[in-house]
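One structure below.
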Amino acid sequence: MIRFEHVTKRYDSGGEGSAAVDDLSFEVAEGELVTLVGPSGCGKTTTMKMVNRLIEPTSGRIFLDGEDIATIDPVRLRRRIGYVIQQVGLFPHKTVLENTATVPHLLGWKRGKAKERAAELLDLVGLDPSAFGDRYPEQLSGGQRQRVGVARALAADPPVLLMDEPFGAVDPVVREHLQSEFLRLQSAVRKTVLFVTHDIEEAVRLGDRIAVYGQGRIEQFDPPTTVLGSPATPYVADFVGADRGLKRLSVTPIEPGDLEQPPVVHVDDPLSTAADRLRAEDARWAVVLDGDNNLHGWIGAEHVGGEGRAGTVGEHARRMEAWLPVGATLKQAFSTMLQHDAGWIAVIDERSEGRFLGVLTPAGLHEALRRSTAADAQAIPRTDVALETVSGR
Ligand SMILES: Nc1ncnc2c1ncn2[C@@H]1O[C@H](COP(=O)(O)OP(=O)(O)OP(=O)(O)O)[C@@H](O)[C@H]1O
């Protein structure tokens, strides 16, 4: 969708000094979100502005959907590209609705249709058009202004979005909120996005892939798990930080293969069945499922044992206090385990009405981290670390 071929940009015409962008080649697939991250002055903004021809390369070529952008009229080109910048650049004397409708208006849409589209977009970015549409930019918070900036960039439904530190000017809490909203939005609209940031946390959270910049060059161009798990150079390792293992927790999803299979009993089973099962598997607890194989709770050896215990599993089962859907991150799993002081966490499949899939244990979590980068799998032999018994609380 976007392809850079040996692109260099020198600001000094003589070409003596170092290039702001030096022989850059990479490709962004359709619907992919690539974050460009690196220290100040490394060439991120220059890279981005060459895509909508606010800056012309000194040499090399850039293609959009296979078309060399040097051959496209810049005004026509920019209609295909939404642009969001930190200093939003809203028109102060226009209302929020008018600001959002700017591009459809420039494209000659009828007034009613442009406003209708603007209202739709405001809604999409979480601003109620009836409450905010008639306000002026100065009557909005920083976070709300950024949302208007995103809505405006999306208004003419361009296939490509360029975003230059769009959430840089808001406080960390609002920033995280805007990031979540943007991810939700992106999963619905699937634009091809180049997103500039100097914040590695943001790059990791948002990017399908991350381009880590050194001076004018990309040092590594990989998915977040790979950048965090196997930094390509000491520079990248230093840039992503010594706590990259922790950061990886937040980008690695739980997969069915990470799960252990503890003994399972059903609510209608007699207690003796549960006792037999626990004894046979030398386990201290079992997961309890209902008739539809959905998670009901759990039952411990201490609840089934003892003389004269009668009744069904359902009558003695304990409520499951926490569980997670498959696909949740390892960070969520770890945090849930800590919060509930639990040695394991049940994982269900939300897409099939909550079917129980297995449990994640600390050992499973460790394995999941190891499989999260291919390079890890090569570097460390994957010994079988299956637990002999699953320990309870
Ligand atoms: N118009 C210009 N004229 C001369 N030099 C420039 C110009 N714009 C940028 N530069 C230089 O090019 C280099 C790359 O700048 P660029 O703005 O692309 O970096 P950046 O990674 O986006 O930085 P930041 O995170 O600080 O915005 C810097 O050394 C900068 O000083």
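Rule-based calculations on the coordinates, nothing more; no lab input. If you're wondering where the values come from, they're calculated on a predicted model, not measured in any experiment. Cβ sites come from the backbone with ideal geometry, for glycine too, and all protein chains shown count toward neighbours.
Before moving on, here are some points about what is shown:
- Longest site-free stretch - the chain; sites: GluC sites (Glu not before Pro), DSSP loop, at most 11 other Cβ within 10 Å: 17-306
- Distance between the C-alpha centres of region 1-74 and region 178-242: 17 Å, rounded to the whole angstrom.
- Cα-based convex hull volume of the chain per residue, rounded to whole Å³: 173 Å³
- Estimated from helices alone, the mean residue ellipticity of the chain at 222 nm is -10000 deg cm²/dmol (sum of -39500 (n - 2.57) over DSSP H runs with n ≥ 4, per residue).
- With 22 Å as the limit, the listed pairs 94/115; 44/94; 49/247; 49/115; 9/191 have 44/94; 49/247; 49/115; 9/191 beyond it between alpha carbons.
- Amide H contacts under 5 Å for residue 285, placed H, 5+ residues apart: 301
- Taking one quarter of the surface of the C-alpha convex hull of region 113-209 gives a mean projected area of 6.2 nm².
- Judged by the mean number of other Cβ atoms found within 10 Å, the most tightly packed of the peptides 146-158, 182-194 leads the ranking 146-158, 182-194.
- At 0.692 mPa s and 37 °C, Stokes diffusion of region 1-140 via Kirkwood alpha-carbon radius, µm² per second: 188 µm²/s
- Once you reduce region 141-170 and region 348-373 to the center of their Cα atoms, the two points are 35 Å from each other.
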